[in-house]
1. How would you classify segment 79-147 from its alpha-carbon gyration tensor, with a ≥ b ≥ c the square roots of the eigenvalues: rounded for a/c under 1.5, else prolate if a/b is greater than b/c, otherwise oblate?
2. Using a Förster distance of 25 Å, how high is the FRET efficiency between residue 48 and residue 145, based on the Cβ-Cβ distance and rounded to 0.05?
3. So how long is each side of the chain along the principal axes, counting just the alpha-carbon atoms, biggest first, in Å?
4. Could you work out the local net charge near residue 60, counting Lys and Arg as +1, Asp and Glu as -1, over the other residues with Cβ closer than 13 Å to its Cβ?
5. Beyond 26 Å between alpha-carbons counts as too far, so tell me which of 31/105; 5/39; 39/116; 54/102; 4/102; 4/105 fall in that bin.
6. Would you mind putting 141-153, 112-124, 94-106, 15-27 in packing order, based on average other-beta-carbon counts within 10 Å, highest first?
7. For the chain, what is the mean residue ellipticity at 222 nm derived from helices alone (per DSSP H run of n ≥ 4: -39500 (n - 2.57); sum divided by total residues; nearest 500 deg cm²/dmol)?
Amino acid sequence: MNKKKKGFERLLCLDLSLNSTGFVVLDVNRKTSELLIQKIGTTDTTKKKDWGEKYEIIYNQMVYLRESVIPDSLIIERPFMRFEIPTRALLGALGMVRLAFKGFKEPVFISPNHIKKILGGHGHAKKYMVKERLEEMFPEVEFRNDDESDALGVAVTYLIDEGVL
């Protein structure tokens, strides 16, 4: 991980999932709108069957990111509430993130529909539409999965909302 340049803010942006949490670390200069993507990845818990094991992996990865990345801000795609059991599971993952970032300033939450509206043109855009827009904006980035592109979508939407992009 590169050292943060003077005048830059470091963001850690998350697309929470119980199977594969996507994350992106980027540095942004709000005055010049310069973005430096430092790291994109996922926390893979697909092989674990037990929620407790998945939560432990997510928690440990978040502690590692907090200590190694040292973000200034945490931006998270807001979990959507659809079905009871997946919702409970996802809220547990959010709890692990909050525990790992205990004492850190309150995260910013961005709704999935808002990300789709900003990057896909409307609130019910398909994932591939958002991903295609991100690939246009960042042709040098190769996404290994949708979770990585979703995490970058969280970041870009936040920066557009903030007037940086």
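1. Values: a/c = 2.11, a/b = 1.55, b/c = 1.36.
Prolate, since a/c reaches 1.5 and a/b exceeds b/c.
2. Numbers: r = 17 Å, r/R0 = 0.68.
Efficiency computed from Cβ-Cβ geometry: 0.90.
3. For the chain, the Cα extents along the three principal axes come out at 45, 35, 27 Å.
4. Values: positive: 48, 54, 66; negative: 44, 53, 56, 67.
Computed value for this residue: -1.
5. Working: 31/105 22 Å; 5/39 15 Å; 39/116 23 Å; 54/102 19 Å; 4/102 23 Å; 4/105 19 Å.
The answer is none of them.
6. Working: 141-153: 20.1, 112-124: 16.9, 94-106: 14.4, 15-27: 22.3.
Ranking the peptides 141-153, 112-124, 94-106, 15-27 by packing returns 15-27, 141-153, 112-124, 94-106.
7. On the way: 5 runs with 72 residues, N = 165.
So the calculated ellipticity at 222 nm is -14000 deg cm²/dmol.
Bear in mind these aren't lab numbers, they're just calculated from the coordinates by the rules spelled out. These figures come from a predicted structure and were not determined experimentally. Neighbour counts are summed over all protein chains in view; Cβ atoms, including those assigned to glycine, are modelled from backbone coordinates with ideal geometry.
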